[in-house]
Every structure is written in structure tokens, then in C-alpha cells.
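The values are calculated or read from the model by the stated rules, or taken from the named source; none is laboratory data. A quick note: this is a predicted structure, and the numbers were derived from the prediction, not measured. Every residue, glycine as well, gets a Cβ built from its backbone with ideal geometry; the counts of neighbours run over all protein chains shown. Surface accessibility is based on the protein's heavy atoms, side chains included, excluding ligands, DNA and RNA. Shrake-Rupley method; radii C 1.70, N 1.55, O 1.52, S 1.80 Å.
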Amino acid sequence: MAVMTYAGTDVDVDAEGFLTDASQWNEGVAAEIARAEGIGELTDRHWLVIGVMRREFEEKGAGPAVRALAKVSGVGIAELYQLFPKGPAKEAAKIAGIPKPRGCI
Amino acid sequence: MPKRIVVLGGGTGGTIAANRLRRSLAEEDVDVVVVDRDDDHVYQPGLLFVPFGMSTPSRLVRPRARQLLPGVRFVRSAVDAVDLQAGSVALDDGSTLGYDVLVVASGASLLPGETEGLTGGGWRRSVHTFYDLEGAAALAGAMARFDGGELVVNVADMPIKCPVAPLEFSFLADWWFRRRRVRDRVHLTFVTPLDGAFTKAVCNRELSGLLAAKGVDVVTEFNTGTVDADAGRLVSYDGREVPFDLAVVVPLHGGAPYVGRSPGLGDPLGFVPTDPVTLQARSHPDVFVIGDATDLAASKAGSVAHFEGEVVAHNVARHLQGRPLDAAFDGHANCFIESGFGKALLIDFNDEVEPVPGHFPGPVGLPLLRESRLNHLGKLAFEQLYWHVLLPGRSIPGVPSRMPRSGKLLAVAAAGGEAGRSGAGGR
């Protein structure tokens, strides 16, 4: 656990930089995490995906994995990887201020 | 007028649920109806052995209806959709089946068409799967002809049925090529979307060690975007490539197609959101879910459906009586992991306790998380148990639905896997 400051907002993050309290998030925080991740300026397509991540987290308590994210957002998997090159489920979750999605077995 | 329980799916979970319900509820009180689109019940654990000539498709199939106890009605039809508000199921033959309780047991579907190139020109030639009968049989031919080059075992993405099966295939492939004395000409690679061979720490270390010992390379966090059979390569969504001469791919999985056509029933992948403890569907109190059809984190495996069976049957009966649900599922799973050379490992775990060493189901039982000939014999013997004990909805003597803790070295998991394994084990 650590505290990071993004766009003047203090947020609690885990060892990998995921927010541990989604309510501390705001759009300024998202924009700055995106820059730190090397994504640069967030486009409308990014924001669409971020909105879906937060809505899914609110409804289901967890962010969706890539396939479900593609189906719910209407953004194809290939485009999701263009938007979030290091892995859409993980990177979009980090920028959306929700916990890292867990793979299940 | 008797109440009616409709079970959608006559596979492992549906057959177990229907037979347990039939035994516990009187025929004058409750009708039990099982619906399936065909009459072919496949012993799915046997598919793994077909590519290696250790089993045959015809041996793995029996009529679904014959696995149901007298007093269970079998309706052969595909399902069009479920109407949760009306409490009815529309069948493909145009008829409608009303229910007092619905048990969704329609498993997972393979979706090879959803991965670009997978079912293209290389399908059944250089690109195969062993997750269905036709695929396993075709792969048997390809394996017999293969005597050198790149063999890649790839999981397109999670979730899949029997998450250890691709690992078992890799272990068996090593054994098979050694037996044929061509192993030095075959390069084996295991390509997974996960960040390790298995998600749980102790088991991951054991299985990763086995892969390394058998000379199987591992590529992790690989989400398969394209199967390019012409160029002989898998391409991930983030642009990495793995070359192959023969690709054994576990396709994407989704729920049964009718789930997507039934408003409110499923999630975006067609699995049914389910309470992990009571196994009641989140969409409607009259609906219960068993087996691969759920959206639970528990493995999609026959053992899970078996352990869920007792909980579903109990809670469905309680619900029909208007009483609160009380049976509780703990995520119990139990899998033999075939490792070649006549040996296998056994893992036993639940939502709380990861696979650890020790013995199962108690201190003098089968060795856990360790290669042993006993476990291999256990895996072979399981085929008869499946038809004659599991499907009739009986419990295996000494194997409870809830995961036994006795015999397990739980300290190994508590220590983050650092404690190692004590010699005798089993305390």
C-alpha cells in the first residue's frame, strides 16, 4: 500500500499501482495515470472504455476481462489493444481506478 | 398437480442434478424433465486420451436418456430461449415447457470461429483441438503422422473447461514422442494467456517445474489474436508471434447459445451469473445453475459439477417447499493431472484453499500434487465411477462435497509455498 498524488489528488494504490479505493478516482487522476503509462492523451474511445470499466465494477464488483470488455463496450479486441497496448483489461482498469482484474482457473 | 423441474442439458451437471432430484422427491409431487438437443453423452475427460491412441471416440459416448433414472422424462430438442417472467422455456420444436424450477446445466460451448484464422485453411490439417470428439479423432491422425517440428499447445483465452487439460496434453505429448523415439526432433511450446502454468502459487511451481523437466517451453500472457496457418504462426493481440508446424488450440468458450437469447439470464459471454454458495441464479429465484454454465470462478470441471450436485438438489427441494436455502457450495474441485509415463498428479482445492501437497481424501489417501502411479490408476478408474456413481447422483464413499482439510499440508500455502514438502506428509 502506498499513496500517490495524481493531478493534485491523493489516492491509495497497491504494489502494482492499482487504486484500492475506486471512489478516490476522478478524470484528472485518469489522465495522469494514462500519461504515466505512456498512453498519452486519452481519446473519446479511451473514455468510452474507461466508463464501461467503472460501470461494470460498480455493478459486479470486478472489472471485466478482455472478451467481456469487448462485448459490453462494442470496442473490438484488436482496437482495445491499440488503445491499451500493455493489455486492455489491466491497463484500462488501472486508468479507471478499479482493482486489477483477476484471471480465474 | 405435480410441480415441474426442467433441467436444461443432459451432460454431467444436468444428469447428476436430475437423478439426485428424482431420488429425493416423490413422483406424485414433482416431475423432472431433462432437455437436450441430442442423445450423445460424452465422457469428456476421455477426450485427452484420444489423440494418443489411448481411447477412441466410440468408447466415450453413451445415450443421454439411459443415464437418467426411471421417472425422469427426457425431451430431445434444442432450446430457443428462456422466459424468466413467464417461467417457461421455448423449445426449437415450437413447443413451450413451463417450469416451477429451472436448472440451467447446458455447459460451455466451443467458439473456434471467434478467433481469426482458427477455422481457416489449416483447420483439421495443421491446426487442431481435442476439446470435442471430431477434433480429438482428427488430432489422433495428425499426431500419428507428426515426426518432427514445432508443436504448440495454446489456450486462446480463459475461461476454458478443465484448465489442466492443455498441460496434460503437453506432458503426454512429451511421453508420446519419446516412446516413438522422435522427441529430439520435436520442439514443444505451451502458450497461455495466464501469467504462469497455473494461477495458484504452489501448484504453479510444481507444474512449471514439470514442464521444464520435460523440456516444454512456456510462453505466458499470450492472448491469441490470429492463427495464421499458411505462415505457421500464432500472433497475439500485442503483436508477438509463436511459430508452429502443428498447433493444438483450445478455442474460446462461451455459454450455450440460448442463454444469449434469453433476456436477463446470462452475462456477455453467455455464462449465467450464479450465487457461489447457494447456486441460485442471480436473475431469478426459481432458477438454479450447475456445472460449466455458471459464471463462477471455480474450475469448469466435472468434479465441480459433481460436488455442486448435492447443493443444487438440496436447495431446489428447499425452494419448492418455500423454505430458505441452506446448502452451501465451497468451490470444491478435484482433478487428476496426467503427466505421462503412467503417472499422474492429483489436486484438490476450493475457493479458499489452493492446491497443496499431502494426501486425499485423508492422511492415508492418494498423494496430492505429486506424480504417482496410483493417481494414474485413479484417473483410469474414474471412467467407471463416472458412469456408475457420479451420473446416477451418488456420492463417492469417503469423498465429501465440501473439501476435506484432513491430509493436506495447509502450511505450505500459508507460507506462500516456501515451506516445501515434508517427507511423509499427511498431518
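5 Å is the cut-off here: which amide hydrogens, built 1.01 Å from N in the peptide plane, fall below it relative to residue B:368, excluding neighbours closer than 5 in sequence?
Placed amide hydrogens put B:358, B:359, B:360 under 5 Å from residue B:368.
Taking every pair of distinct Cα atoms and averaging 1/r, then inverting, what Kirkwood hydrodynamic radius in Å comes out for segment B:1-113?
15.1 Å
Provide the solvent-accessible area of residue B:20, counting protein heavy atoms only and rolling a 1.4 Å probe, rounded to the nearest 10 Å².
40 Å²
Given points 7 Å out from each Cα along the Cα-Cβ axis, report the residue B:394 to residue B:352 separation in nanometres with one decimal.
Here the modelled spin labels are 3.0 nm apart.
Calculate what fraction, in whole %, of the accessible area of the protein assembly as shown sits on carbon and sulfur atoms when a 1.4 Å probe is rolled over the protein chains.
So the carbon and sulfur contribution to the accessible surface is 50 percent.
Need one number: % antiparallel among DSSP beta bridges in chain B, to the nearest 5.
Counting DSSP beta bridges with both partners in chain B, the antiparallel share is about 45 percent.
Under a 1.4 Å probe, what is the accessible area of chain B per residue, stated in Å²?
39 Å²
When the accessible area of each residue in segment B:261-305 is compared between its chain alone and the complete protein assembly (1.4 Å probe; ligands, DNA and RNA ignored), which residues differ by at least 30 Å², being lower in the assembly?
For segment B:261-305, once contacts with the other chains are taken into account, B:268, B:269, B:297 lose 30 Å² or more.
Residues of segment A:51-81 losing 50 Å² or more of accessible area relative to the isolated chain, 1.4 Å probe, heavy atoms only?
When all protein chains are present, A:67, A:71, A:81 each give up 50 Å² or more of accessible surface.
As I understand it, the value is the acute angle between the Cα axis of helix B:302-320 and the longest principal axis of the Cα atoms of chain B; what does it come to in degrees, rounded to 10?
For helix B:302-320, the angle is close to 10 degrees.
What do you get for Rg/Rh over chain B if you use C-alpha atoms and the Kirkwood form of Rh?
Radius of gyration over Kirkwood radius for chain B works out to 0.97.
For segment B:152-215, what Kirkwood radius comes out of the mean inverse Cα-Cα distance, in Å?
12.4 Å
Solvent-accessible area per residue for segment A:4-58 at a 1.4 Å probe radius, Å²?
Ligands and nucleic acids excluded, the result is 51 Å² per residue.
May I ask for the longest run of chain B untouched by GluC sites (Glu not before Pro) that are loop-located per DSSP and have at most 14 neighbouring C-beta atoms (other than their own) within 10 Å?
Looking at chain B, B:29-351 is the longest stretch - no exposed GluC sites (Glu not before Pro) with at most 14 other Cβ atoms within 10 Å.
With N residues in the protein assembly as shown, what two-decimal value do you get for its Cα radius of gyration over 2.2 N^0.38 Å?
0.99
Given a cut-off of 24 Å, what percent of all Cα-Cα pairs of segment B:112-252 lie beyond it?
When all Cα pairs of segment B:112-252 are counted, 23 percent exceed 24 Å.
For the interface of chains B and A, what total accessible area is buried with a 1.4 Å probe, rounded to the nearest 100 Å²?
Buried area between the two chains comes out at roughly 1500 Å².
Could you give the nm distance between label points at residue A:41 and residue B:85, where each point is 7 Å from its Cα heading toward the beta carbon?
Result for the modelled spin labels: 4.7 nm.
Please figure out what share of the DSSP beta bridges in segment B:112-252 is antiparallel and state it in percent, rounded to the nearest 5.
25 percent
In the protein assembly as shown, what is the count of Lys pairs whose alpha carbons are under 13 Å apart, counting only pairs at least 8 residues apart or on separate chains?
Here the count comes out as 4.
Principal axis extents for segment B:334-414, Cα atoms only, whole Å, descending order, please.
If we take the Cα atoms of segment B:334-414, the spans are 37, 31, 22 Å.
Using Cα-only point scatterers and the Debye equation, what is log10 of I(q)/I(0) for segment A:2-96 at each q in 0.10, 0.17, 0.24 Å⁻¹, rounded to two decimals?
-0.23, -0.67, -1.33
With N denoting the number of residues in segment B:104-186, provide Rg(C-alpha) divided by 2.2 N^0.38 Å, to two decimal places.
1.18
Out of the DSSP beta bridges found with both residues in segment B:1-138, what percent are antiparallel (nearest 5)?
So the antiparallel bridges in segment B:1-138 amount to around 40 percent.
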